[in-house]
Protein chains: 4
Amino acid sequence: MLDAAVKVFSRRGFHAASMDEIAEDAGISKPMVYAYLGTKEELFVACLHREGTRMMQAIAGAAAPDLPADERLWRGLRAFFGFVGAHRDGWAVLYRQARGEQPFAGELATMRARLVEVVAGMLDHALRAEGREIAAIDLEVVAYALVGATESLADWLADHPDADPEKTATRMMNVAWLGAAQLLHGVTWRPPAD
Amino acid sequence: MLDAAVKVFSRRGFHAASMDEIAEDAGISKPMVYAYLGTKEELFVACLHREGTRMMQAIAGAAAPDLPADERLWRGLRAFFGFVGAHRDGWAVLYRQARGEQPFAGELATMRARLVEVVAGMLDHALRAEGREIAAIDLEVVAYALVGATESLADWLADHPDADPEKTATRMMNVAWLGAAQLLHGVTWRPPAD
Amino acid sequence: MLDAAVKVFSRRGFHAASMDEIAEDAGISKPMVYAYLGTKEELFVACLHREGTRMMQAIAGAAAPDLPADERLWRGLRAFFGFVGAHRDGWAVLYRQARGEQPFAGELATMRARLVEVVAGMLDHALRAEGREIAAIDLEVVAYALVGATESLADWLADHPDADPEKTATRMMNVAWLGAAQLLHGVTWRPPAD
Amino acid sequence: MLDAAVKVFSRRGFHAASMDEIAEDAGISKPMVYAYLGTKEELFVACLHREGTRMMQAIAGAAAPDLPADERLWRGLRAFFGFVGAHRDGWAVLYRQARGEQPFAGELATMRARLVEVVAGMLDHALRAEGREIAAIDLEVVAYALVGATESLADWLADHPDADPEKTATRMMNVAWLGAAQLLHGVTWRPPAD
DNA sequence: TATGAATGAGCCTTCATTCAT
DNA sequence: GATGAATGAAGGCTCATTCAT
């Protein structure tokens, strides 16, 4: 039943989507939508939740925690872009909506935070394996940047129906891993003395 | 006068913002808003345009084309995060809005395309200086990822009022440049044979 | 439910009538008006249509085609003025509105054209019975004039609540039939040689 | 200066005409329009007044009171249709507007009443010359019908840019005079006994 | 005097949301 | 339990009308 909601939200955007259309598309009457899923906002959150959970599961299922870091990252990225590629007009557009509407900023921030945490955890794990360590905040920000870059490529993928998810994952891996690998080996960049 | 519009659009989002509130916030009456800036959509586009132009100028003014690539990138990033830091609830949120609302996707895509082009140009320039070359589409995607990571950190900066723009720029530079530098020297990552 | 709309349109005129007033007058809420009858323009057209149809039916029902021409004309006129007398603030004022507002000129022209056609047909029929014939355009214009005179008396009737519809019909018959009868017998008027 | 107002009212209709457009078309600023001619309604009345007066003068100038009745009627009609033909989009449309908008019904009724009075006077004069007489109210209604027929043909003329005013006047004269002449000679029509 | 600039008021229209059946 | 019917509330936009210059 959420399927109808996801479809309509994707096609129209949050505000332009009307409860009428969602109900009709779901084949039930509007009061039922309210009875089962509450307010329009709650409905959207529910959609977001389900899609987010599915995505996280896809990633988690692919990137087993006992693999080496680069392998985990690669599998995770591949799963992620695969998921987005398969739900182009589903998740990606829904996600884009959520970024803009304040009521959902929190929900989205939570989802992203989970991703960031995972990525940061990977980096941290790899660092410690090399006997190195960097400040938690730096770790978080770098992870945040990587997640941001990934989302950005997901947008790009959603906008290019003919693009290949796997190849996109490879490109992202190039950007992410080469930089991360440097960081892992202690190479850092410092601002010039001005 | 656009200031009021930017403020309200930032606080409420495009749809939730009412022309009434914008007018009141600007200290003028609604018909004046229409007289000066036209439709709500046109008003939003005007905001987007002004903020975008200002940002591009800030970046272009800082990153002179005759500097070495890393220097340009660093200065550009510093200017960018400085700008976002100074217009937290202005630009960043405006930008977030524009990503979500279909009517403005085009306007925004144009702005981002300019940024991507600049970054891609920088990378290409540096590559050629090393006698190397990569496919245009790869260049574009990598640039796209870097821009995405940067936007993502900008979001993070906008959400953390106490964070330091310059430090954020440094972090971004670490991620971007270390990875880019590797690419520039011919190091690439390849997916395992599965 | 159209009744309320007809009443308000009559009292205020098309533009001055507000959907609020129509809804209140109908004892329902505004969204219902939109749900049932659509746009203000569509609502007006619906009023026009219903009143027009009723009137045409009243006339057609009274003036059977197999009667002699003068009998048909008389019965038609009597039915017409009877109808207008019974719907004074309904049809007559509605009709006056429609004449003025461009969007409805077409709708009205169609109705009037049907009337003109009927009248012209009657005249033509009577002429042929006398073995005579006149140019189609002359027939049309004469019919047009008769219809105009009739509408004009309808206005007069609508403005004089105490006047008797039947008597008004008799007067119109005097003007119309005496002139028409002359024409039917070949008497025509020619402009002086100047 | 009224010219601009007449032009705009004709082209757009009363409500659709904006004071802005009128002012601009007149080449002066809006406050001047208000200073010279007051409210939009007053302005429209002024237009109506001027056009009406001009028309009455055209008719009065042509139909000298000392002519025989048929001659007067003919000349009056010719002058009238000539005037309408020369001011097609001016007077006719203005007139049509006035019929629909209640605030002007009074003004228009006055103008029409003057015409009716003139026509009724002519008929009465001719009747008395024949030593006959009919009730004032009957006279008025017949005159009203003739005026109505005439207005109706004026509308027709305004809608047919290629039609010839003089010919239209002749047609009207046929309808009006043949019927009127009968009345003048005591021929009347009576409703059948049912 | 003439005007640019400003506004109060209101209208059409649309939805998210809920009773009464 | 399910729905058709109904609505409160609000929003974008326009325009006749008037100050302050």
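The values are calculated or read from the model by the stated rules, or taken from the named source; none is laboratory data. Since we're looking at a predicted model, the values are computed, not measured. Here the Cβ is made from the backbone with ideal geometry for all residues, glycine too, and neighbour counts use every protein chain on show. To get the accessible areas, we keep the full protein, side chains included, count just its heavy atoms, and leave off ligands, DNA and RNA. Shrake-Rupley method; radii C 1.70, N 1.55, O 1.52, S 1.80 Å.
Hey, any idea what % of segment C:111-158's accessible area is carbon plus sulfur with a 1.4 Å probe? Result for segment C:111-158: 55 percent of the exposed heavy-atom area is carbon or sulfur.
Measuring heavy-atom accessible area with a 1.4 angstrom probe and counting protein chains only, the residues of segment B:144-159 that give up at least 30 Å² relative to the chain alone are B:144, B:145, B:149, B:152, B:153, B:156. Helical runs assigned H by DSSP (4 residues or longer) give chain A a calculated mean residue ellipticity at 222 nm of -25500 deg cm²/dmol, each run adding -39500 (n - 2.57) before division by the residue total.
Which residue fluctuates the most in chain A, going by a Gaussian network model with Cα springs under 10 Å, if the choices are A:151, A:101, A:166? Highest fluctuation among the options: A:101. With Cα atoms defining each centre, segment B:134-194 and segment C:148-194 are spaced 89 Å apart in the structure. The magnitude of the dipole of the protein assembly as shown, with charges of +1 and -1 set on the Cβ of Lys/Arg and Asp/Glu and taken from the Cα centre, is near 100 debye.
Can you give me the accessible area per residue for the protein assembly as shown, using a 1.4 Å probe, in Å²?
Averaged over the residues of the protein assembly as shown, the accessible area is 44 Å².
So which of B:40/C:40; C:30/D:40; B:30/C:30; C:7/C:30; A:7/C:30; B:7/B:167 end up more than 20 Å apart by C-alpha? Over 20 Å apart, Cα to Cα: B:40/C:40; C:30/D:40; B:30/C:30; A:7/C:30; B:7/B:167.
Using a ≥ b ≥ c from the Cα gyration tensor of segment A:2-184 (square roots of the eigenvalues), is it rounded, prolate or oblate, where a/c under 1.5 gives rounded and otherwise the larger of a/b and b/c decides, a/b for prolate? Prolate shape, in that a/c is at least 1.5 and a/b is the bigger ratio. Using the Karplus relation 6.51 cos²θ - 1.76 cosθ + 1.60 with θ = phi - 60°, the per-residue 3J(HN,Hα) values for segment B:24-29 come to 4, 5, 7, x, 10, 9 Hz, with x marking Gly and Pro. Looking at segment D:18-103, none of the trypsin sites (Lys or Arg not before Pro) sits in a DSSP loop with at most 15 other Cβ atoms within 10 Å of its own Cβ. The contact residues of segment D:84-127, meaning those that lose at least 40 Å² of 1.4 Å-probe accessible area when all protein chains sit together rather than their chain alone, are D:99, D:100, D:102. Cα centroids of segment B:41-107 and segment A:27-70: 33 Å apart. Extending 7 Å from Cα along the Cβ direction at residue C:42 and again at residue A:137 yields two label points whose distance is 6.0 nm. A Förster radius of 45 Å combined with the Cβ-Cβ distance from residue A:32 to residue D:86 puts the calculated FRET efficiency at roughly 0.10.
With θ taken as phi - 60° and the Karplus curve 6.51 cos²θ - 1.76 cosθ + 1.60 applied, the whole-hertz 3J(HN,Hα) list for segment C:65-72 is x, 8, 7, x, 3, 5, 4, 4 Hz, x standing for glycine and proline.
Chain B against chain A buries an accessible area of about 4100 Å², both chains summed, 1.4 Å probe radius.
Dipole of segment A:2-184 computed with +1 at Lys/Arg Cβ and -1 at Asp/Glu Cβ about the Cα centre; of A:105, A:31, A:137, farthest Cα towards the positive end is A:31. Simple spin-label estimate for residue C:159 and residue C:71 gives 3.6 nm between the two label positions (7 Å along the Cα-to-Cβ direction from each Cα). If only the Cβ of Lys and Arg carry +1 and only the Cβ of Asp and Glu carry -1, the dipole of segment C:2-184 around its Cα centre is close to 100 debye. With the simple model of a label 7 Å out from the Cα in the direction of the Cβ, residue A:167 to residue D:64 spans 9.8 nm.
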